[in-house]
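Student: The structure's right below; bear with me while I get my questions together.
No value in this document is a laboratory result; all are computed from the given coordinates. The model shown is predicted, which means the values in this text are computed figures rather than measured ones. Here the Cβ is made from the backbone with ideal geometry for all residues, glycine too, and neighbour counts use every protein chain on show.
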Amino acid sequence: MCKMNNSVYDCVIIPLNKIHNRAGNITIVEGNINIPFDVKRIYYLYDIPGGEDRGGHSHKELQQLIIAASGSFDVMLDDGINKKIVKLNRPNYGLLVVPGIWRELMEFSSGSICLVLASDIYNENDYLREYNNFKSFRNEH
Ligand code: TYD
């Protein structure tokens, strides 16, 4: 299984297209066309109280594209060795989060919306919600 060679450096910003006219902008995401996976689920976080963090987990298999559809927030990524923080603040850029990466979302601006495109339907068995379990998983795979 090569996927657990995944590092935070595989979590890249993907520039998305933006079609602009006088009535505003439109950005289109098409699975396996401008992102590297098919989209099976979409969810979004909103009405996030000031100072709250979200995330705090890893996935074993799931791939995600995280977009600041409105406002801004920071994504802290951790592969068990390296960490990096990515600021998202434009709706035409997505952050690819590959499997096996611990992530925490923080510093949400007021009224921000975090849009997540996911490669699979919800499966609690795919979650690693305890950091120690995440570390063990990384060591074992
Ligand atoms: P969770 O993944 O813990 O949120 P976050 O990591 O953003 O803090 O999910 C919060 C709750 O929503 C939890 O009870 C699981 C549920 N949930 C679903 O039922 N389906 C989903 O697709 C997602 C993402 C969460």
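Student: Counting DSSP beta bridges in the chain, what percent are antiparallel, to the nearest 5? Don't skip to the end; give the middle numbers.
Tutor: Working: 37 of 38 bridges.
Counting DSSP beta bridges with both partners in the chain, the antiparallel share is about 95 percent.
Student: Out of the trypsin sites (Lys or Arg not before Pro) in the range 32-141, which ones are loop residues according to DSSP with at most 16 other C-beta atoms within 10 Å? Could the numbers behind the result be given before it?
Tutor: Numbers: sites: K40, R41, R54, K60, K83, K84, K87, R103, R129, K135, R138; in loops: K40, K60, R129.
Answer by residue number: K40, K60, R129.
Student: Under 10 °C and 1.306 mPa s, how fast does the range 22-96 diffuse according to Stokes-Einstein, given a Kirkwood radius computed over C-alpha pairs? Answer in µm²/s, whole number. Spell out each step's value before the answer.
Tutor: Working: Rh = 14.4 Å.
The estimated diffusion coefficient comes to 110 µm²/s.
Student: For S109 and I85, what is the calculated FRET efficiency with R₀ set at 22 Å and r taken between the beta-carbons, to the nearest 0.05? Numbers along the way, then the final one.
Tutor: Values: r = 15 Å, r/R0 = 0.69.
With a Förster radius of 22 Å, E is 0.90.
Student: To continue, here is another question. So if each residue of separation counts as 0.36 nm, and I subtract the Cα-Cα distance between E30 and E124, what length gain in nm does that give? Each step should come with its number before you reach the end.
Tutor: Numbers: separation 94, 0.36 × 94 = 33.84 nm, distance 2.55 nm.
That works out to 31.3 nm of additional length.
Student: Okay, helix-only estimate at 222 nm for the chain: each DSSP H run of n ≥ 4 adds -39500 (n - 2.57), divide by all residues, round to 500 deg cm²/dmol; what do you get?
Tutor: My calculation for the chain gives -2000 deg cm²/dmol from helical runs alone.
Student: How far apart, in nm, are two points set 7 Å out from the Cα along the Cα-to-Cβ line at D10 and at R41?
Tutor: Those two pseudo-labels are separated by 2.0 nm.
Student: Compute the acute angle (0 to 90°) between the alpha-carbon long axis of helix 131-140 and the principal axis of greatest extent of the alpha-carbon atoms of the chain; round to the nearest 10°.
Tutor: The angle comes out at about 70 degrees.
Student: Shape of the range 8-140 from its Cα gyration tensor (a ≥ b ≥ c, root eigenvalues): rounded if a/c is under 1.5, otherwise prolate when a/b > b/c, or oblate? Working shown, then result.
Tutor: On the way: a/c = 1.93, a/b = 1.45, b/c = 1.33.
Taking the square roots of the gyration eigenvalues as a ≥ b ≥ c, the range 8-140 is prolate.
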